[in-house]
Structure formats: C-alpha cells, structure tokens
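Quick notes on the structure that follows.
Bear in mind that the values in this text are calculations on the coordinates, not laboratory data. Predicted model only: the values in this text are computed from it and were never measured. Note that we place each Cβ from the backbone using ideal geometry, even for glycine, and neighbour counts take in every protein chain shown.
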Amino acid sequence: MFRDEDLALLARPLYAFLTVAPRAGRWPAPRPVWFEVTDAGDLAMFSEPGAPKLDRLRERPRASVVVAAPPGEPEHWVATEGEVTLHDQGGAELAARLADRYGVSHDPKYQALIEQWRDSTVVRILLHPDKLNRFTA
C-alpha cells in the first residue's frame, strides 16, 4: 500500500498524529505519537494501559494517522486509516525501540518515563491501513 516515497517519509523520526473516535459530545482530537512501520506494512504505536484512547479503540477499533514532512521542506504527507488491534505483548519492547528511534533513550529527561514503560504493561497499537491518501510536492 505504501510507495517508496511514503516509506522514506515514514522511516524518519517524525510525529504521527493519531485520531480515534471521540467520546460522546466531543470532537476528534489528534494526538502526536511515536510510531514505526512494521514489516507487514502496519503502523505500530504504544500507549499507557489506562489511556482513554484505548477504551475508545476497544469500542470502535478504527483510527487514522497523518505524518507530514516538517516546515522548510517540500510538502509531503501521508494520511492513512484502518482497523486497529491492541496487544498486551510487545509494548515495552516497542517503546524502547521508539525511544532509540526518536533519540531520547539516553536523555536524562526521559529516563524515568522509559523505566516506567519498561516496568508497566504498555499496550502496543497496530493500525492496519486500508485507506491511504498522500501528497508529494
């Protein structure tokens, strides 16, 4: 589903903006998240087990993600949506990989948080893309 230029963008340590179905009476509110593309072409993210977004994903297991090149670069973005699966296994390992990917694994400001992720049941979120939009300038 992803083209080579999409994968080149998604291979960079950019924030993905994850949007899930909102609570009743609320508007959707994208949240910046760390992510990686799996070998199967899914987007892998993680969350603390008590996060409200996980409750909403259990109710409606569908989400969207947008990743864009930063200002100052030619416009390039990928927007995808799809079914979501939640996994109790592999979340801590994913969080550690992403801390490395995003260059914070040795940052003292992140050490307590990274330890918390290692010691908790971090939930792995997999978005299985079934719709994709893109733009490359």
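Could you tell me whether region 65-113 comes out rounded, prolate or oblate from its Cα gyration tensor? Rule is a ≥ b ≥ c as square roots of the eigenvalues, rounded for a/c under 1.5, then prolate if a/b exceeds b/c, otherwise oblate.
Judged from the Cα gyration tensor, region 65-113 comes out oblate (a/c at least 1.5, b/c at or above a/b).
Once the cut-off is 16 Å, how many percent of the Cα-Cα pairs in region 86-132 end up in the long-distance tail?
Tail of P(r) above 16 Å: 43 percent of Cα pairs.
Want the number for A51 to Y110: 0.36 nm per residue separation, take away the alpha-carbon distance, what's left?
My answer for the length gained is 19.3 nm.
Per DSSP H run of at least 4 residues, take -39500 (n - 2.57); add these up for the chain, divide by its residues and hand me the 222 nm value, nearest 500 deg cm²/dmol.
Helices in the chain give a 222 nm mean residue ellipticity of -7000 deg cm²/dmol.
Would you mind classifying the chain by shape? Square roots of the alpha carbon gyration tensor eigenvalues, ordered a ≥ b ≥ c; an a/c under 1.5 is rounded, otherwise it is prolate if a/b is larger than b/c and oblate if not.
oblate
Give a residue-ordered list of calculated ³J(HN,Hα) values for region 64-73 (Karplus: 6.51 cos²θ - 1.76 cosθ + 1.60, θ = phi - 60°; whole Hz; x for Gly, Pro).
Whole-Hz 3J(HN,Hα) from phi for region 64-73: 10, 9, 10, 10, 10, 5, x, x, x, 10.
Given charges of +1 on the Cβ of Lys and Arg and -1 on the Cβ of Asp and Glu, with all other atoms neutral, how large is the dipole of the chain about its Cα centre, in debye to the nearest 20?
It works out to roughly 520 debye.
Which length gain, in nm to one decimal place, applies between T136 and R12 when the Cα-Cα distance is subtracted from 0.36 nm times their residue separation?
Stretched fully, the T136-R12 segment lengthens by 43.1 nm.
For E83, which sequence-distant residues (separation of 5 or more, or a different chain) have an amide H within less than 5 Å of its own amide H, given hydrogens modelled in the peptide plane?
Amide H neighbours of E83: H128, D130.
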